[in-house]
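Some notes on the structure that comes next.
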Amino acid sequence: MTHLIPLIVAIPLLSGLLLMASGKTLGEPIAGWIATAAVGLSFVISLIVFFHGFSDTGLGTTSHVLQWINVGSFHANVDFTVDQLSITMCLFVTGISTLIHLYSIGYMHGEKYFRKFFIYLNLFVASMLILVLGSNLLVTFLGWEGVGVCSYWLVSYYFDKDAAASAGKKAFIYNRLADIGFLLGTFLLWSQLGTITYADMHFSGLSSLVATMALLSFVFAASGKSAQIPLFNWLPDAMEGPTPVSALIHAATMVTAGVYLLCRIHGLVHMSSVGQWVICGVGLATAFVAATIATSQYDIKKGLAFSTVSQIGYMVLAVGTGDYVAAMFLMVAHAFFKALLFLGSGSVIHALDGEQRLSRMGGLRKVLPWTYGTFMLGWLAIIGVPPFAGFWAKGSVLDAVFGKSPWLWGIGLFTALLTSYYMSRLFYLTFTGAARFDQEGPDGEPAISHPHESPWTMRLPLVILAICSVFGGIIALPFVHSFGLEKFLEPVFGSDLVVPTSSATQQIFLSAADAVVAFLGLGLAWVLWRGRAERPALTPRFFAQVWFWDNFYDSLLGRPATKLAEYAALTDALVIDGAVDGTALAVKSVSTKLRTVHNGQVRSYGLAIVAGLVALLAYFLVVVA
């Protein structure tokens, strides 16, 4: 099995390099099929490795690739480790990425940079696999940076649009800022433990203060990559990228990297009670804030983007409670139904010639039957209607939160109600009611007269993801603990895993509460939005403008930094450049004066020599003698 592990990463990486080297030889659709086949093969190899079995020690199987850094006592190799946690990530990353690659063949048809798009997708998948398979923090950071730069390329794919170019830069800068936390945490652990290899790091030797400092550094890193407060507001702008990018990066893979990192260093989380409460606070606050913002969005992709931010907040919250299995369960289930919802929105946008505003949709139920049916299953899954995957996954998180604090559980349950409401609103405005796409738009946009269902390359991934959204909860149902996800991941987390110990009565109560809020939000949205396209009273500007978060950062950081830069530029021009230019002018002035002495006449030079000799003779006769 060891020799197969590097192939999981190498195949999509080599595919991307092949497409890069092919120039225009491999165009549409061949480039898309090669890229899709490469990721699909990586998924097959992941399955083979998965069925090969694992050690019960939780240490996993490590494959040495090459020696990287060997300086003094610091050693870091490029090694890939497969254990229960990393193979879980590999399976859903490669599986869903394969479906998104296939979907992209149809969605990106006719695009000018078709081949380049699939190069970026392949390199992104390879980077994500490096991130999850890395056996030490440095290799993880290599993949961490790889997904960051690929995200920049993909978000700003339509680089000729100012909004897309700005969104790409915003995502890149936010993630680079968060990387400071990753590096600080890594340096701190190395200084205290003498190693950055996961299998060799024994956090029990750390003091509470050091553990908390290191953990908070990694939490800051995770807040950037997983779009959590205070660095969450880059993700909605990233919707400027093509819809498959939104599904791949901002639903199923990259934004889960921060949660995966916290699960990977679970021993450090276990060492810091302060850090655990901070993680709970960040996750719950993000889930709630993003949910309120999603209630007022009129762009279908931005509504789903804020939903992603909120759902990842639940995953972070689960990590804070110590129930890492619940976090992973929701991560997998969310990958199914959120990828489905994003791809479904892409099918709608494709049918409406690029239109993304909910105010210009409606009545698509009969026009797009495949998209409607699959999107509906994803909607029921995310709002937590039983027995869909979202009901079991989000329920497991809320159960863990209830064990941590009933107050936190109450806020989390109310946020679940908001989730049901805003997702139902989005579904109703898109597919039900009277059609609005066949009318002239508010800004004079022409009517869309012939919406069309997507080609089979786009429909097939929707169907597969819809099936997973319905039955995905089977992997961790309460009655399959003997062979489910909890039992599978137990060797990795060991005694650090906090499993809810609620009674049977509490379990019934908590499950009933989850189901009630799902149906309550569904019904509330139906009552308030049935037959209505806009209701300003229900979409306040405060929520629509993201709690004015960007404005706050602009006032607190952006404008002062601009003023400081302007002052620095003035200082540079007057002081630094002034000193340099003044020196040059002084030299020029002196040289200009001296140049008059050198007139090129021999008699003048002879006279000067004679005068010099006379002066020297006079000096020796008068002074020296």
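The values are calculated or read from the model by the stated rules, or taken from the named source; none is laboratory data. Quick caveat: nothing in here was measured; it's all calculated off a predicted structure. Note that each Cβ is placed from the backbone with ideal geometry, even for glycine, and that neighbours are counted across all protein chains shown. Only protein heavy atoms, including side chains, enter the accessible area calculation; ligands, DNA and RNA are left aside. Shrake-Rupley method; radii C 1.70, N 1.55, O 1.52, S 1.80 Å.
When residues in segment 138-161 are screened for being hydroxyl-bearing (Ser, Thr, Tyr) and touching an Asp or Glu at 6+ places or on another chain (Cβ under 9 Å), 3 of them pass. Of a type in the set (A, V, I, L, M) and surrounded by 22 or more Cβ atoms within 10 Å (Cβ to Cβ): does that describe Leu380? So Leu380 passes the test. The C-beta contact set for segment 267-294 (first residue among the aromatic types (Phe, Trp, Tyr), second residue surrounded by fewer than 22 Cβ atoms within 10 Å (Cβ to Cβ), distance under 7 angstrom, 6+ apart or interchain) comprises Phe288/Ile411. Candidates Ser420, Ser454, Ser424: the one that is at pLDDT 80 or above, in contact with a helix residue (DSSP H, G or I) (Cβ under 8 Å, 6 or more places away or on another chain), outside any helix (DSSP H, G or I) and not charged (D, E, K, R) is Ser454. Ser396 fails exactly one of the following numbered conditions: (1) part of a loop (DSSP other than H, G, I, E, B); (2) within 30 Å of Leu485 (Cβ to Cβ). What is the number of that condition? Every condition holds for Ser396 apart from (1). Quick check on Trp407: is it surrounded by fewer than 20 Cβ atoms within 10 Å (Cβ to Cβ) and either without any contact (Cβ under 8 Å) to a residue 24 or more places away in the chain or in a helix (DSSP H, G or I) (or both)? Yes, satisfied. Of Ala222, Ala291, Ala285, all but one fail to be touching a Gly at 6+ places or on another chain (Cβ under 8 Å) and crowded, with 20+ Cβ neighbours inside 10 Å; the exception is Ala222. Checked against the criterion of being among the charged types (D, E, K, R), open to solvent by 40 Å² or more (accessible area, probe 1.4 Å) and either closer than 30 Å to Tyr260 by Cα or touching a His at 6+ places or on another chain (Cβ under 6 Å) (or both), the candidates Glu566, Glu490 yield just one match: Glu490. Scanning segment 202-219 for residues being surrounded by fewer than 22 Cβ atoms within 10 Å (Cβ to Cβ) and outside any helix (DSSP H, G or I) gives a total of 2.
Candidates in segment 89-115 are the residues that are of a type outside the set (A, V, I, L, M) and modelled with pLDDT of 90 or more; of these, the one that is farthest from Val463 (Cα to Cα) is Cys90.
Here Trp526 meets the list (1) closer than 18 Å to Ala294 by Cα; (2) open to solvent by less than 100 Å² (accessible area, probe 1.4 Å); (3) not basic (Lys, Arg) almost entirely, failing just condition (2).
Restricted to segment 71-88, and to residues there that are at pLDDT below 85 and in contact with a strand residue (DSSP E or B) (Cβ under 8 Å, 6 or more places away or on another chain), the residue that is farthest from Leu129 (Cα to Cα) is His75. Taking the criterion of being open to solvent by 10 Å² or more (accessible area, probe 1.4 Å), more than 30 Å from Gly484 (Cα to Cα) and touching a Ser or Thr at 6+ places or on another chain (Cβ under 7 Å), the residues of segment 350-377 that qualify are His350, Arg365. Yes or no: Leu462 at pLDDT 85 or above and either open to solvent by 20 Å² or more (accessible area, probe 1.4 Å) or not in a helix (DSSP H, G or I) (or both)? Criteria not met by Leu462.
Inspect segment 496-508 for any residue being among the hydroxyl-bearing types (Ser, Thr, Tyr), in contact with a helix residue (DSSP H, G or I) (Cβ under 7 Å, 6 or more places away or on another chain) and part of a helix (DSSP H, G or I) and give the result as yes or no. Looking through segment 496-508, none of the residues is among the hydroxyl-bearing types (Ser, Thr, Tyr), in contact with a helix residue (DSSP H, G or I) (Cβ under 7 Å, 6 or more places away or on another chain) and part of a helix (DSSP H, G or I). Of all residues in segment 173-201, those that are of a type in the set (A, V, I, L, M, F, W, C) and either out of contact with any helix residue (DSSP H, G or I) (no Cβ under 8 Å at 6 or more places or on another chain) or open to solvent by 50 Å² or more (accessible area, probe 1.4 Å) (or both) total 8. Quick check: anything in segment 203-221 aromatic (Phe, Trp, Tyr) and under 27 Å from Ser296 (Cβ atoms)? Looking through segment 203-221, none of the residues is aromatic (Phe, Trp, Tyr) and under 27 Å from Ser296 (Cβ atoms).
When Ala573, Ala515, Ala568 are checked against the criterion of being modelled with pLDDT of 85 or more, over 18 Å from Ser296 (Cβ atoms), part of a helix (DSSP H, G or I) and out of contact with any Leu (no Cβ under 7 Å at 6 or more places or on another chain), Ala515 stands alone in meeting it.
Cβ separations smaller than 8 Å between residues 6+ apart or across chains give the following pairs from segment 2-24 residues that are touching a residue at least 60 places away in the same chain (Cβ under 8 Å) and farther than 17 Å from Phe117 by Cα to residues that are β-branched (Val, Ile, Thr) and open to solvent by less than 10 Å² (accessible area, probe 1.4 Å): Ile5/Val49; Ile5/Val82; Ile8/Val49; Ile8/Thr94. Within segment 535-548, one or more residues are surrounded by fewer than 15 Cβ atoms within 10 Å (Cβ to Cβ), on the phi > 0 side of the Ramachandran plot and without any contact (Cβ under 8 Å) to a residue 12 or more places away in the chain.
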